[in-house]
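Since the structure comes first, as structure tokens, the remarks are kept for the end.
The values are calculated or read from the model by the stated rules, or taken from the named source; none is laboratory data. As the structure is a computational prediction, the values presented were derived from the model and not from experiment. Glycine gets a Cβ as well: all are built from the backbone with ideal geometry, and neighbour counts include every protein chain shown. Heads up: the accessible areas ignore ligands, DNA and RNA and are worked out on the full protein's heavy atoms, side chains in. Shrake-Rupley method; radii C 1.70, N 1.55, O 1.52, S 1.80 Å.
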Amino acid sequence: MSTLPSTHCCHTYSPLPPSSSSSSPSSSSSVSYLPSYSSAHGRLQRIAVPSTPKRFVSAKVSLQSQSVSEKNAVHMQDGPVAPVVNPIENETPFEKLKDGLFSAPSSRESKDITGFNVNEKDSTVSITVVGASGDLAKKKIFPALFALYYEGCLPEHFTIYGYARSKMTDAELRDMVSKTLTCRIDKRENCGEKMEQFLQRCFYHSGQYDSQEDFAKLDKKLKEHEGGRVPHRLFYLSIPPNIFIDAVRCASSSASSGNGWTRVIVEKPFGRDSESSAALTKALKQYLEEDQIFRIDHYLGKELVENLSVLRFSNLIFEPLWSRQYIRNVQLIFSEDFGTEGRGGYFDNYGIIRDIMQNHLLQILALFAMETPVSLDAEDIRNEKVKVLRSMRPLQLENVVTGQYKSHVRGGITYPAYTDDKTVPKDSLTPTFAAAALFIDNARWDGVPFLMKAGKALHNKRAEIRVQFRHVPGNLYNRNIGTDLDRATNELVIRVQPDEAILLKINNKVPGLGMRLDRSNLNLHYAARYSKEIPDAYERLLLDAIEGERRLFIRSDELDAAWALFTPLLKEIEEKKIIPEYYPYGSRGPVGAHYLAARYKVRWGDVGVEQ
């Protein structure tokens with residue numbers, strides 16, 4: 001089975017000519033650099049082409065406020081948008097096809113062309129992981145940065161700093177980080193050597209999160225490594241939300257870049273409700289512009305979530321079907337086969353609705369249901385997502401089922417209840433499971449139930465989207481199908497994790513002389529189809545943040561619209577002290593979830609079906 005040539009693994013930061021930094025937006029002698037496919041290296045390279053007067057892309061260069069004239073100057077540094085490439089002389093027909101059809105730059109690549117136009121030799125990127133001693137930093141952020149370095153996706157000049165309150169030396173940080181790095185990337189050689197080179201780029205600075213003096217000392221260390229180059233700085237806030245503002249305030253006044261960009265990645269949760277989220281956003285915007293804030297939801301970096309818009313918008317067989325006329329219901333299912341496992345103290349303050357449904361599943365829903373964006377530009381996509389969220393009805397208590405797992409003995413092993421966790425109050429009513437029916441009141445989706453289900457301590461681990469299509473009107477084979485029409489409905493399954501796959505369930509005749517129908521899968525199993533390992537979500541999102549690509553990050557009005565849907569429900573649950581339905585550890589969850597689905601004539605697709 002043939003594969004289209006790959007045009008994107010990561011981006012190369014090729015130096016631009018002096019004319020690209022011209023201070024005049026009307027200059028007619030500028031040169032643009034465009035990606036072209038290199039068969040020798042299998043990656044994008046850049047070629048120079050002449051261009052006419054250009055528009056300019058803005059970029060923030062400091063956390064501090066700037067005058068209008070300073071901002072205008074920054075706009076001019078970012079360089080021109082590249083025009084269409086004309087065919088190069090002496091190209092073979094196949095090379096023309098390869099460059100013209102298969103190597104068209106994606107929005108991410110286009111962003112790279114326009115958003116990183118500082119000469120590579122004269123610039124550097126400093127990545128500071130604030131909260132470097134925490135689990136997230138050790139298990140996800142540092143390994144993701146190493147994977148990007150191993151793949152050649154980081155710029156030539158970069159430095160990584162860990163910042164936390166713990167006392168630690170550079171050597172101790174490197175030892176801690178080295179224990180979480182693996183040579184799993186495509187099982188290639190020289191990984192140990194690359195790992196050592198990466199660790200030599202990692203340093204540590206101990207300081208308080210609310211100390212401007214400590215951040216000033218960090219700034220001094222960063223400048224030593226930047227060596228006079230144009231400094232770009234990325235701060236990853238891997239810390240609790242209650243200290244976000246202190247860290248941002250201190251970084252703003254003491255450690256922001258003077259003449260490059262400064263960006264801040266903010267980890268969820270983004271507040272507990274509409275009011276706390278709005279207050280957090282307002283406080284952040286005292287020190288940051290909106291386009292400097294990268295609110296990360298790692299589920300948006302999952303390969304199958306990234307592929308969602310490709311599946312829909314580039315395949316004629318799906319786009320015409322994507323509406324109430326053909327789709328009967330959509331299910332978004334998230335389940336984990338383990339409990340809180342020592343994280344009960346954190347989890348009890350948020351619960352499954354805030355932890356999973358309001359962000360991960362709602363973001364996937366918005367991507368699934370949005371109208372066709374004007375382009376693949378980040379703002380065009382996020383505009384359409386906001387429209388979907390604003391078209392949705394706020395959740396009603398009658399359309400929600402909550403649950404909490406209880407102790408269960410299976411196979412001679414006793415599994416603990418949620419309240420057996422020593423960090424959880426014994427009388428806690430926090431849901432560890434929730435199912436909900438949501439509706440989008442627009443012309444495309446009117447009347448189609450979007451069912452969400454998320455829970456811990458269930459029978460398996462999965463995250464998937466299930467699209468159940470309507471029954472065939474006047475189906476000739478109803479007699480062969482039987483009375484259970486649900487078993488004969490077509491279903492598209494997008495399995496996000498684990499064991500990524502896209503399945504299309506169809507009705508098919510069983511070979512033989514009789515007329516017996518069978519439900520079969522058309523199966524795109526990623527592990528079997530693609531030899532290349534799927535990148536971790538954090539790798540994709542960190543690379544996007546470095547490049548200034550905001551498509552997979554959450555905008556403030558998007559966040560406001562999301563909280564508006566869930567805040568009234570959450571307040572009602574807490575004020576009325578709704579008692580969750582208890583379900584055994586390792587089961588399929590509360591029975592109430594099945595009654596909720598049945599109310600809308602839906603059957604959960606993950607129950608009693610072949611996998």
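Values computed for the structure shown
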quantity: Separation of the N242 and R410 label points, Cα + 7 Å toward Cβ, nm; calculated: 3.6 nm
quantity: Listed pairs K505/K601; K194/K285; K509/K532 exceeding 27 Å between Cα atoms; calculated: K194/K285; K509/K532
quantity: Segment 407-476, Rg to Rh (Cα coordinates; Rh as Kirkwood inverse mean 1/r); calculated: 1.17
quantity: Accessible area in square angstrom per residue, segment 488-558, 1.4 angstrom probe; calculated: 42 Å²
quantity: Segment 368-429 - charge dipole about Cα centre, Lys and Arg +1 at Cβ, Asp and Glu -1, debye rounded to 20; calculated: 320 debye
quantity: Accessible surface of D536 - all protein chains present, 1.4 Å probe, nearest 10 Å²; calculated: 50 Å²
quantity: All-pairs alpha carbon distance profile, segment 170-320, 10 Å steps from 0, percent; calculated: 9, 27, 30, 23, 9, 2
quantity: Relative contact order (%) - criterion: Cα under 8 Å, at least six apart; region: segment 209-315; calculated: 28 percent
quantity: Loop-resident sites, segment 330-426, for GluC sites (Glu not before Pro), counting at most 15 other Cβ within 10 Å (DSSP); calculated: E341, E371
quantity: Per-residue SASA entry for E213, accessible area with 1.4 Å probe, Å² rounded to 10; calculated: 120 Å²
quantity: Reachable aspartates and glutamates from K571, criterion Cα separation under 19 angstrom, eight or more residues apart if same chain; calculated: D273, E275, D348, D355, E398, D427, D560, E581
quantity: Dipole of segment 525-588, positive direction: furthest Cα of Y538, L570, Y583, with charges on the beta-carbon; calculated: Y583
quantity: For segment 235-383, radius of gyration divided by Kirkwood radius, i.e. Rg to Rh on alpha-carbons; calculated: 1.02
